[in-house]
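Here is the structure we will look at.
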């Protein structure tokens with residue numbers, strides 16, 4: 001087990017088993033915090049991995065309750081350890097399951113850094129070779145996880161809610177009524193990336 005700092009918080013890591021949080025994902029935290037402001041809110045960290053986003057959001061927004069989900073039992077175990085380490089068990093609930101499925105009821109903000117690189121591009125990303133493949137790469141064009149997440153957000157977001165995702169280095173934001181536009185943007189960005197590869 002290793003350690004890394006993320007948004008100023010020391011987090012345990014399991015290299016090669018659970019994706020190690022990277023500084024680029026700190027912008028997801030900043031965007032989520034700007035969305036909730038100082039109001040009570042419910043946030044879902046989907047594909048939580050180490051729990052980095054969940055810990056950082058909950059620690060910096062004491063009025064927020066966070067649901068952190070992941071399909072990987074190893075990720076859930078590590079996220080639980082990191083939540084416990086920072087004394088956030090009373091406000092962060094870590095659950096094993098697919099996307100928003102384990103979350104009981106609508107949430108105000110969904111944050112996600114899901115796999116989005118096509119599996120066929122794996123050889124082009126030597127910098128990601130030490131990461132678990134299923135945390136970074138997805139079948140076909142790579143967009144499957146995000147397509148499914150945006151479908152889930154149609155019902156999983158509260159009225160006035162928003163989703164914040166990381167995609168190829170960019171942080172993208174959409175209110176509930178803008179999910180279709182975000183889906184279209186992801187499709188275009190993925191197509192441009194394939195042409196550039």
Residue, nearest to the chain's Cα centre (by Cα), within segment 74-103, restricted to residues that are within 23 Å of residue 39 (Cβ to Cβ) and touching a residue at least 24 places away in the same chain (Cβ under 8 Å): 100
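Residues are listed down the side, and each one gets a yes or a no for (1) farther than 21 Å from residue 157 by Cβ; (2) buried (at least 17 other Cβ atoms within 10 Å of the Cβ):
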| position | (1), (2) |
| --- | --- |
| 8 | yes, no |
| 32 | no, yes |
| 45 | no, yes |
| 61 | no, yes |
| 70 | no, yes |
| 74 | yes, no |
| 82 | yes, yes |
| 89 | yes, no |
Hits in segment 145-167 - residues which are in contact with a strand residue (DSSP E or B) (Cβ under 8 Å, 6 or more places away or on another chain), outside any strand (DSSP E or B) and surrounded by fewer than 14 Cβ atoms within 10 Å (Cβ to Cβ): none
Would a scan of segment 135-144 turn up a residue that is within 23 Å of residue 27 (Cα to Cα), part of a loop (DSSP other than H, G, I, E, B), within 14 Å of the chain's Cα centre (by Cα) and at pLDDT 95 or above? no
Can you name the number of the only condition in (1) surrounded by 16 or more Cβ atoms within 10 Å (Cβ to Cβ); (2) modelled with pLDDT of 95 or more; (3) closer than 18 Å to residue 53 by Cα that residue 97 fails? (1)
Of the conditions (1) in contact (Cβ under 8 Å) with a residue 40 or more places away in the chain; (2) over 15 Å from the mean Cα position of the chain (by Cα), residue 122 fails just one. Which one is it? (1)
Say we look at segment 14-30 and pick out the residues that are buried (at least 20 other Cβ atoms within 10 Å of the Cβ) and in contact with a helix residue (DSSP H, G or I) (Cβ under 8 Å, 6 or more places away or on another chain); which of these is nearest to residue 64 (Cα to Cα)? 29
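The values are calculated or read from the model by the stated rules, or taken from the named source; none is laboratory data. All values derive from a computational prediction rather than experimental measurement. Cβ sites come from the backbone with ideal geometry, for glycine too, and all protein chains shown count toward neighbours.
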